[in-house]
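So the structure is just underneath, and the comments pick up after that.
The values are calculated or read from the model by the stated rules, or taken from the named source; none is laboratory data. Note that this is a predicted model, so its numbers are computed, not measured. Note that we place each Cβ from the backbone using ideal geometry, even for glycine, and neighbour counts take in every protein chain shown.
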Amino acid sequence: MRLTRTLRASAVCAAALLLAAACDSSGSGSTSATGLNPPDLKAPTKLGKTEGQVNLIAWAGYVEDGSNDPKVDWVSGFEKRTGCQVHSKVAASSDEMVKLMKTGEYDAVSASGDASLRLIASGDAAPVNTGLVPHYKDVFGGLKNGAWNSVRGKMYGIPHGRGANLLMYNTAKVQPAPTSWSAVFDDAARYKGHVTAYDSPIYIADAALYLKATKPELKIKDPYALDQKQFDAAVALLKRQNADVGEYWSDYLKEVSAFKSGDSVVGTTWQVIANLAAAEGAKVKALVPKEGSTGWSDTWMVSAKAKHPNCAYKWLDWIVSPKVNAQVAEYFGEAPANSKACAETTDKNFCTVYHAADENYWKKIAFWNTPIEQCLDGRTDVTCVPYAKWVQAWTEIKG
């Protein structure tokens, strides 16, 4: 189980600056809804002979060949079927994925939304011909043509899975049961020293999402598209919250332990962590509050410099095929992308717990995206705060 979507602040800052430079060099200044005008790269129209190998960058738990656990292996079947030998590199952060993709040594990457936009803007990821990925037709509609994996209706990858950032609370110590993110923001002082928050600059979007609902005068439309006034309000909220935070977490084991001991009683979590904490005896529940939540959607993207594009396309189709997608989802702890995967899970309640087919549930989730100066919500009369500034602000927030 991977559970390490942490970001290295200084590196991310540099990557965000690279994003801006990539946009400029490709003639940006675009007024499209995404604010992007990526290089005019073409997707292949047909596949050729497989090249015998494929080089992948992935989150831990996405490319398992039995070496970590003999019972967990979906790579060997792929190699046997396609003749493409898999070489994979586990990345510890989205920024590391971006850096590795820039080397041109890798064919595909399992990018989260805080990396995918950078790869699209810089021209490191090529558009994908979904017609060459037969199992794409069975991917849930809510994962297609997202703001984080497409530009003007052109897909730049194949969706892999998704998850939400939930509010978890100790049922014995947090009463009445919370229904709002106010439990960790405006009402955080009630649990002073026992509030926990996700340790990443992208968490600023969680504050923005809360302000979108509670401060309509700020006119926030997209928590990843914040002008200076909106951004300052989110940062101010997080600085106030800091006085009540006992721990910023990035290690899921530490969060499980903190909720078991009572050191943490309320804060951000993922469904898989809530499941683990409950299984280990913690009195916890987790939910999507009334304001909605942020979340992630991972996408397999093909390098514009791929040396083994045919094997890469074979991998994209394999990883999103029903049985394999079900294996990955259960091992990793996320909702699968393929609508037919739910029939293949060993735990027949898995997709219900993870809301895999509940599109109304996912409509409440604002999936991670990369903030850039060209506002992602389509505004052209203001400049939005780019991710480099989010990184700087996060350091100030934490003190």
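Residue count for segment 119-162 satisfying the condition of being without any contact (Cβ under 8 Å) to a residue 60 or more places away in the chain, assigned to a loop (DSSP other than H, G, I, E, B) and under 18 Å from residue 365 (Cα atoms): 2. On the given criteria, is residue 337 buried (at least 23 other Cβ atoms within 10 Å of the Cβ) and either more than 17 Å from the chain's Cα centre (by Cα) or not assigned by TED's automatic domain parsing to the domain that holds residue 115 (or both)? Here the answer is no, as residue 337 does not meet what is asked. The set of residues in segment 264-288 being surrounded by fewer than 22 Cβ atoms within 10 Å (Cβ to Cβ), over 19 Å from the mean Cα position of the chain (by Cα) and not aliphatic (A, V, I, L, M) consists of 275, 280, 281, 283, 285.
Screening segment 248-340 for strands (runs of 3 or more DSSP E) wholly inside it with 2 or more residues that are in contact with an Asp or Glu (Cβ under 9 Å, 6 or more places away or on another chain) and not aliphatic (A, V, I, L, M) returns the ranges 266-269, 293-303.
Among the conditions (1) surrounded by 24 or more Cβ atoms within 10 Å (Cβ to Cβ); (2) more than 12 Å from the chain's Cα centre (by Cα), the only one that residue 137 does not satisfy is (1). Looking only at residues of segment 198-209 that are within 16 Å of residue 269 (Cβ to Cβ) and either among the polar types (S, T, N, Q) or in contact with a helix residue (DSSP H, G or I) (Cβ under 6 Å, 6 or more places away or on another chain) (or both), we find that the one that is surrounded by the fewest Cβ atoms within 10 Å (Cβ to Cβ) is 200.
Filtering segment 76-118 down to residues that are among the aliphatic types (A, V, I, L, M) and in a loop (DSSP other than H, G, I, E, B), which residue is surrounded by the fewest Cβ atoms within 10 Å (Cβ to Cβ)? Here the residue is 92.
Within segment 33-49, is even one residue in the same structural domain as residue 309 (by TED's automatic domain parsing), not in a loop (DSSP other than H, G, I, E, B) and not charged (D, E, K, R)? No, segment 33-49 has no match at all. Looking across segment 248-303, the residues that are among the acidic types (Asp, Glu), at pLDDT 95 or above and over 21 Å from residue 183 (Cβ atoms) come down to 280, 298.
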